[in-house]
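Below is one structure, written out as structure tokens, with a few remarks after it.
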There are 2 protein chains.
Amino acid sequence: MSAPRSPRQKKTARAAVMAAALSVAAVPLLRGDEGMWTFDNLPIKLLKEKYGFVPTPEWLDHLRLSSVRFNDGGSGAIVSKDGLVLTNHHVALGQLQKMSTPEKDYVKEGFLARSSKEESACPDLELNVLVAMEDVTARVLKAVDPEAAEKDQNDQRKAEISRITKASTDQTGLRSDVVELYQGGEYWLYRYKKYTDIRLVMAPEIQAAFYGGDPDNFTYPRYALDFAFFRVYENGKPLRAEHFLRWSVDGAADGELVFVTGHPGHTDRLKTVAQLEYERDFGLPLYLEVARKKRQDYYDYARKGVEQERRSKDRIFGVENAIKAVSGEHEGLLDPALIRSLKAAEDSLRKAAAGAKDEPALKAARSSWDKIAAAQKKLGDRRLQTAYRRFDATKVAGLANAIVRCVAEVAKPNDKRYEEFRESNLESLRFRLFSPAPIYPDMEEHLLAATLKDALEKLGPNDEYVRAALGGDTPEQAAKKLIADTKLIDPAERKKLVEGGEKAVSTSHDSLIVWARRLDPVYRAQRKWYEDEIESVMTAEGNRVAKARFAAYGKGTYPDATFTLRLSYGRVAGYELGTTQVAPFTTFHGLYDRAIGMGGKPPFDLAERVKAAKTKLALDAKLNFITTNDIIGGNSGSPVVNAKGEYVGLIFDGNIQSLVGRYAYEDTRNRAVAVHSSGIVEAMRKVYGMDALADELTGKTR
Amino acid sequence: MSAPRSPRQKKTARAAVMAAALSVAAVPLLRGDEGMWTFDNLPIKLLKEKYGFVPTPEWLDHLRLSSVRFNDGGSGAIVSKDGLVLTNHHVALGQLQKMSTPEKDYVKEGFLARSSKEESACPDLELNVLVAMEDVTARVLKAVDPEAAEKDQNDQRKAEISRITKASTDQTGLRSDVVELYQGGEYWLYRYKKYTDIRLVMAPEIQAAFYGGDPDNFTYPRYALDFAFFRVYENGKPLRAEHFLRWSVDGAADGELVFVTGHPGHTDRLKTVAQLEYERDFGLPLYLEVARKKRQDYYDYARKGVEQERRSKDRIFGVENAIKAVSGEHEGLLDPALIRSLKAAEDSLRKAAAGAKDEPALKAARSSWDKIAAAQKKLGDRRLQTAYRRFDATKVAGLANAIVRCVAEVAKPNDKRYEEFRESNLESLRFRLFSPAPIYPDMEEHLLAATLKDALEKLGPNDEYVRAALGGDTPEQAAKKLIADTKLIDPAERKKLVEGGEKAVSTSHDSLIVWARRLDPVYRAQRKWYEDEIESVMTAEGNRVAKARFAAYGKGTYPDATFTLRLSYGRVAGYELGTTQVAPFTTFHGLYDRAIGMGGKPPFDLAERVKAAKTKLALDAKLNFITTNDIIGGNSGSPVVNAKGEYVGLIFDGNIQSLVGRYAYEDTRNRAVAVHSSGIVEAMRKVYGMDALADELTGKTR
């Protein structure tokens, strides 16, 4: 099970050797089309056996180099030689919101650049393309003294990672991240080409893109035009893209083999059962409690007026989306059969560890499960603090805290800093800190007051955070004063402070900077506790468990998602649900059926342009479709490509049955939901009159 | 909670008095729009409070007298002054199948009579209209000696019922049935106007009527044109209908109050928990086992050729339908919460009975639950015999058995006969026995062999039924001989035997009559055992439980369904399912969306006429819709009427969540599924070009 590799990718033979040397259990069972595979370790044999397809190194490189990461959370692909990038509307939503004004609401009205002059620069969007991958496991592990205390090992590891990334950035000028895979079983240096001059080209109205709203989110059948186009510029000109995905006008057919590349954000498939039980019983319920409160805060603000409603749209989308996703995950964890099956797998590995004689990796993990469970319990005891001491509850409050932290951290040697302030991350950080995206004082005040009120209620007046944050005031008083007296709304003020360094910050009288200085020690103490007591144990013991898994199974499986590039395979397929069958495709007919069937009530009303286009549209055109690919949040905007490497669809959702995928791939009804390539072009031409762009996309102008 | 009554309906004050005198518990909770109400006892107060609607006696009489029972199992309504009757295609299916030939397959191709001359007589269809209702509880109970043994009480009750129906038939010439309600809490004499000259007017192709086939059955959203028109003739001319439902061209709106009249076949909402647990653990699983085997037998036969496939269509539909319905019921019973809630209600009544001091009805029921449980157990011990000794496994075998039984029974005094052979039922019986509907010898042989094989396998060679049925042959040999040597395929032969009476039958050498004579004693012994040991206990003790319920709750509730006329109320409403919302309506758009989305694969392919009509149809027209009405099998073909008494829809299905309705009304997601009145007319005009009929229906020609 070896993968073809591009010259840049070096191979580690360790896993293969270990897998060959030991055979505690069979290869772990992959269910259905399971797997978010790294590009260095694809299930080539499986693909060949199951689908008769063998990807060439060129095919893989082309796919990888056409794939794009949206650094504010999402995926995309380059789809024309002139740097056109296609992603989801909901991935673009943050930028759309930032670019909108009370006079011109691109979220509500959409955005259509009919010439390159009309393409509009995004305030703070960074795109990454993964250009190189290097296994640095040996280097990282060598820097760690296995005899040292766990928290020291943690420090040593982080310091080495910091050195690796800095050296890489210095040497190549590329964004360089060290990615921890298999919970520390492997470390890889990923180098990215980074683009920051990104311009918005086209976005439908949110009502067309997010048709069906919260009810239809994580649902199928869907009828959403969830797409948006950006263009990458370099030196003020459209990127001359060496790699881009060619468009398939017909899109994917039923049963066809398809691939998804993208950046799944986070899975917990290697977590121990104790950790999952904690999530089920405490973690997720608490998360949902906080998120529901947040949602209420946004609703309350949005109700104040039309403009407030406009400003809140992306926040409300985000929190509703999260609530629905986490509710689905929680449902999944509540299934005793799932926990039983995970427990059986874990027990088998623990048994192997307990009985191991000569296998050091297995022996070393013997007590790891218990230690993780103990750390988990410790974390649970402070879960309220972790949840309700919110340091970035509002935009400007988060920026103030980040500035105070930033100037202190950058004064330290690079390898002593918090990870996010290390040299390799500073450029991206500054980009975010100095973003000209609008900040609305009344919204800030509303949310800050609500957040402080929650903290007071849940943690009590004597909590350190509460005392520091309130400074003797009521939550409303504190929020009012803090927002009224800050100048940080202006990016230039933030820049002045960061560039003035510790001195400027420590002498500032800005209300929020003073406030953030008070909060800083609370933040640092809490983070230290978390890193020393919890994270270090979880990392070290998780690493031992991962090594034991390696000893038992080799690299026959894939690592948890880490918001880095992965490839998944699958096929276009309907499924059985309840007593009936769900169709693999929807069409424009279905969109109008749903709108009329729901009586046109929001969120099932049609955007005006969509309503008007009915007589022009080919109603039979396919609109959305589903595949068995293994995806999760972060894959939003991912391209779906066929075996020829052509663009056939745009991932925008997973069905509700896919959400348990955070913990395990469900192999009968898990479906990724995508916009069909033919539906995108049909809408571009008939609904939006964007023929020139459609021509560029489909290669008609080439 | 008293209902307006027509002059023919007499009131029993007993229940009201009992309810006033005693107050063991509150009125039983009605959930949502629960209830299949008899026309003498409508929840007037509730309707007024909840919907602000008070039906007048005239409104109710008009509705009742426009409602029609299809005696082969279904409901319908008179919809024009010229006796046009509208029901489901699947209610008409049996007749369509009987009227079809290898040359002209009305099931597959549909049937369109474009003039009255083309309206085609049905071979054996009987329609009933309920013209009078009379409470005969006092008469029936008076005839029963409460000191007699239970089986004697059973005989006395049946004899009295037989006298009542005979007297009524003699006196009025109307079909007269005594209906047992509230498990013997009440007995009502229902008189029906009976129509037997029924002609087929219009039926779509089965592919349009039953679009989505078995997968979409008991499912919603649906896109089915499940309608068919008949016309009632009297004296060779179309019926001049005094009562018929006027058509609503716009149909029902979202949220609108609607009513359904019809003949729900069977519910078990008053069964004891012991009975339901029996069904859950043994009854339904065994039913499903037998039905799945039957389905396999039909499949095997249908695979023999195109003509065999044609002949089997209605059987396959019937058995698939039953399997899906019963699977849904079984699912419902497996829900521990349901059983818990039913048990809590039962315990409360049992507690009241145990603690009763002066309430004879409550005291009398004290041991009833235990006795029912014991009888249930006894029945369970012989459940294999009950299930696998099949006396009507094939059409002609069933007719042979019925003839042998019939001549013996009619020789007895009327009140000593099996119920189905009493005078009042004889005309309907003869109609069925002498039906000219086609019988296919090869199909009969195939099914008889399969049935006998099952019996041999499950009951063993020494079972009395098996010995009598096989007569020493193998199942294949027996079936071959029996079908080859019978003349009963010919209705004239059957008529000759029945008219020749016991003598003709006892001397007949017809293979199946000889066979049926051998089986007759086995049948009679088994039926006697069932009636004496099981039915008598269930009836008598069920009667006591029903009386105890009356004592506690009065007539504040409705009786179990009995395939007699009921009225349910509800409203047009979508519902939440999983994480999304189900629309109250579907449109023609949805039909094409589903066909394309499923790649046109059967059963999701479009009938040719439907495919061709796409450009002509108003695609926005509503096709199907859902309501909260409480319905069950037998309601198929029921009219949905609005508060003005107009025809707004045609019941044809319930969603899967409604199936638990056999045991309890589910008040959040239970939905009845109907064809929308505007969709029917749109299809009649644009798909089938039946404008004259559509004009008659919508009153354009009046």
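Scoring B:Ala595 on the criteria (1) free of Cβ contacts under 8 Å to residues at least 40 places away in the same chain; (2) crowded, with 17+ Cβ neighbours inside 10 Å; (3) within 7 Å of chain A (Cβ to nearest Cβ); (4) not in a strand (DSSP E or B) leaves a single failure, condition (3).
Checked against (1) within 30 Å of B:Glu445 (Cα to Cα); (2) surrounded by fewer than 17 Cβ atoms within 10 Å (Cβ to Cβ), B:Ala397 meets all criteria but (2). Counting the residues of the stretch B:598-643 that are charged (D, E, K, R) and within 12 Å of chain A (Cβ to nearest Cβ) gives 5. Screening A:Asn629 against (1) under 20 Å from A:Leu650 (Cα atoms); (2) over 31 Å from the mean Cα position of the chain (by Cα) leaves a single unmet condition, (2). Going residue by residue through the stretch A:358-380, is there one that turns out to be of a type in the set (Asp, Glu) and either crowded, with 18+ Cβ neighbours inside 10 Å or touching a strand residue (DSSP E or B) at 6+ places or on another chain (Cβ under 8 Å) (or both)? Within the stretch A:358-380, one or more residues are of a type in the set (Asp, Glu) and either crowded, with 18+ Cβ neighbours inside 10 Å or touching a strand residue (DSSP E or B) at 6+ places or on another chain (Cβ under 8 Å) (or both). Within the stretch B:149-169, residues that are of a type in the set (A, V, I, L, M) sit with their Cβ atoms under 7 Å from residues that are in a helix (DSSP H, G or I), at 6+ positions apart or across chains, in these pairs: B:Ala159/B:Asp415; B:Ile161/B:Val140; B:Ile164/B:Arg139.
Contact map, the stretch B:508-533: residues that are in contact (Cβ under 8 Å) with a residue 12 or more places away in the chain paired with residues that are of a type in the set (Asp, Glu) and in a helix (DSSP H, G or I), Cβ distance under 7 Å, separation 6+ or inter-chain. Pairs shown: B:Val522/B:Glu464.
It is to be established whether one or more residues within the stretch B:636-643 are touching a Gly at 6+ places or on another chain (Cβ under 9 Å), in contact (Cβ under 8 Å) with a residue 60 or more places away in the chain, buried (at least 24 other Cβ atoms within 10 Å of the Cβ) and more than 20 Å from B:Phe563 (Cβ to Cβ). Before you say what the answer is, go through the steps one by one.
Step one: list which residues in the stretch B:636-643 are touching a Gly at 6+ places or on another chain (Cβ under 9 Å), which gives B:636-642.
Subsequent filtering for residues that are in contact (Cβ under 8 Å) with a residue 60 or more places away in the chain retains B:636-642.
Filter again for buried (at least 24 other Cβ atoms within 10 Å of the Cβ), leaving B:636-641.
With more than 20 Å from B:Phe563 (Cβ to Cβ) added as a condition, the list becomes B:641.
Yes - at least one qualifying residue is present in the stretch B:636-643.
Hey, among the residues in the stretch B:202-240 that are at positive phi and in contact (Cβ under 8 Å) with a residue 40 or more places away in the chain, which one's farthest from the other protein chains (Cβ to nearest Cβ)? Top of the filtered list is B:Gly213.
Give A:Lys271, A:Lys166 a once-over and let me know the one that is out of contact with any Gly (no Cβ under 7 Å at 6 or more places or on another chain) and within 30 Å of A:Pro336 (Cα to Cα). It would help to see each step written out before you state the result.
Numbers: A:Lys166 fails: within 30 Å of A:Pro336 (Cα to Cα).
Matching residue, one of A:Lys271, A:Lys166: A:Lys271.
Please verify whether the stretch A:175-193 includes one or more residues that are closer than 30 Å to A:Val572 by Cα, away from chain B (no Cβ under 14 Å) and of a type in the set (Phe, Trp, Tyr).
To start, the set of residues in the stretch A:175-193 that are closer than 30 Å to A:Val572 by Cα comprises A:181-182.
Subset that is away from chain B (no Cβ under 14 Å): A:181-182.
Those left that are additionally of a type in the set (Phe, Trp, Tyr): A:182.
The answer is yes; a qualifying residue exists.
For the stretch A:246-344, the helices (runs of 4 or more DSSP H) that sit wholly inside it and include 3 or more residues that are more than 14 Å from every other protein chain (Cβ to nearest Cβ), modelled with pLDDT under 95 and over 25 Å from A:Arg389 (Cβ atoms) are A:306-334. Within the stretch B:345-380, the set of residues being acidic (Asp, Glu) and either over 32 Å from the mean Cα position of the chain (by Cα) or modelled with pLDDT of 95 or more (or both) comprises B:Asp358, B:Glu359, B:Asp370.
Going residue by residue through the stretch A:655-676, is there one that turns out to be β-branched (Val, Ile, Thr), under 28 Å from A:Gln275 (Cβ atoms) and in a helix (DSSP H, G or I)? Yes: one or more hits.
Out of the stretch B:405-457, which residues are surrounded by fewer than 19 Cβ atoms within 10 Å (Cβ to Cβ) and polar (S, T, N, Q)? Matches in the stretch B:405-457: B:Asn414, B:Ser428, B:Ser435. Going through the stretch A:598-616 one residue at a time, which ones are assigned to a loop (DSSP other than H, G, I, E, B) and either in contact (Cβ under 8 Å) with a residue 60 or more places away in the chain or touching a strand residue (DSSP E or B) at 6+ places or on another chain (Cβ under 9 Å) (or both)? If the condition is that a residue be assigned to a loop (DSSP other than H, G, I, E, B) and either in contact (Cβ under 8 Å) with a residue 60 or more places away in the chain or touching a strand residue (DSSP E or B) at 6+ places or on another chain (Cβ under 9 Å) (or both), then A:Met598, A:Gly599, A:Pro602, A:Pro603, A:Phe604, A:Asp605, A:Leu606, A:Ala607, A:Ala613, A:Lys616 are the ones that fit.
Listed by position, the helices (runs of 4 or more DSSP H) enclosed by the stretch A:446-519 that each have at least 3 residues that are of a type in the set (Gly, Ala, Ser) are A:475-484, A:491-507.
Restricting attention to the stretch B:400-445, the residues that are in a helix (DSSP H, G or I), among the polar types (S, T, N, Q) and under 24 Å from B:Gln97 (Cβ atoms) total 2. Against the condition of a type in the set (Val, Ile, Thr), in a loop (DSSP other than H, G, I, E, B), buried (at least 24 other Cβ atoms within 10 Å of the Cβ) and more than 12 Å from chain B (Cβ to nearest Cβ), how does A:Ile651 come out, does it pass? Judged against the criteria, A:Ile651 is not a match. If only residues of the stretch A:654-695 that are within 22 Å of A:Ile339 (Cα to Cα) and β-branched (Val, Ile, Thr) are counted, the one that is surrounded by the most Cβ atoms within 10 Å (Cβ to Cβ) is A:Ile656.
Across the stretch A:223-245, which residue is farthest from A:Cys122 (Cα to Cα) among those that are assigned to a loop (DSSP other than H, G, I, E, B) and within 18 Å of the chain's Cα centre (by Cα)? It would help to see each step written out before you state the result.
Let us first name the residues in the stretch A:223-245 that are assigned to a loop (DSSP other than H, G, I, E, B), namely A:223-227, A:235-236, A:239-245.
Now narrow it down to the ones that are within 18 Å of the chain's Cα centre (by Cα): A:226-227.
Details: A:Asp226: 19, A:Phe227: 17 Å.
So the residue we want is A:Asp226.
The values are calculated or read from the model by the stated rules, or taken from the named source; none is laboratory data. Everything quoted here is computed from the prediction, not taken from an experiment. Backbone-built Cβ (ideal geometry, glycine too); neighbour counts: all protein chains shown.
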